[in-house]
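Asker: Let me give you the structure first, and then I'll get to my questions.
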Amino acid sequence: MSSPIEAIFATIRRGNAKRLPEAPDGLLRHGLVGAAHARAVEAPPALIAAALLHDIGHLLDLDDADGFDDDRDVEHAMLGAGWLALWLPAAVR
């Protein structure tokens, strides 16, 4: 079994090519920009991690041919929070 960090970043690497209107450069860059902004305002570590991972729910259903499942992506926040709950405290989810 992989560590939580390995599982999270494997998911990010696998889905990074997914492009959304709010993340035209990929969801990894989108998360990194959010985390950088949180760090710049001296947010606590849990908030920086949350900013990095806030869209991970978009990456949890990549079986669709175009990598985007409209029905599931509408609820990406809940999908991501539920998946991250396997490893991370509520302050991050």
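The values are calculated or read from the model by the stated rules, or taken from the named source; none is laboratory data. Everything numeric here is computed off the predicted structure, so don't read it as measured data. As a convention, Cβ positions derive from the backbone with ideal geometry for all residues, glycine included, and neighbour counts pool all protein chains shown. Ligands, DNA and RNA are stripped out before the accessible areas are found, and what is left, the full protein with its side chains, is counted by its heavy atoms. Shrake-Rupley method; radii C 1.70, N 1.55, O 1.52, S 1.80 Å.
Asker: Working carefully through the options L59, L53, L20, L47, find the one that is modelled with pLDDT under 85, closer than 23 Å to P89 by Cβ and either open to solvent by less than 60 Å² (accessible area, probe 1.4 Å) or out of contact with any Pro (no Cβ under 8 Å at 6 or more places or on another chain) (or both).
Answerer: L59
Asker: Considering only residues that are open to solvent by 90 Å² or more (accessible area, probe 1.4 Å) and within 16 Å of P21 (Cβ to Cβ), look in segment 62-82 and name the one that is modelled with the lowest pLDDT.
Answerer: Restricting to residues being open to solvent by 90 Å² or more (accessible area, probe 1.4 Å) and within 16 Å of P21 (Cβ to Cβ), the top hit is D66.
Asker: Just for segment 23-43: of the residues that are among the charged types (D, E, K, R) and in a loop (DSSP other than H, G, I, E, B), which one is modelled with the lowest pLDDT?
Answerer: Filtering segment 23-43 for residues that are among the charged types (D, E, K, R) and in a loop (DSSP other than H, G, I, E, B), the one modelled with the lowest pLDDT comes out as D25.
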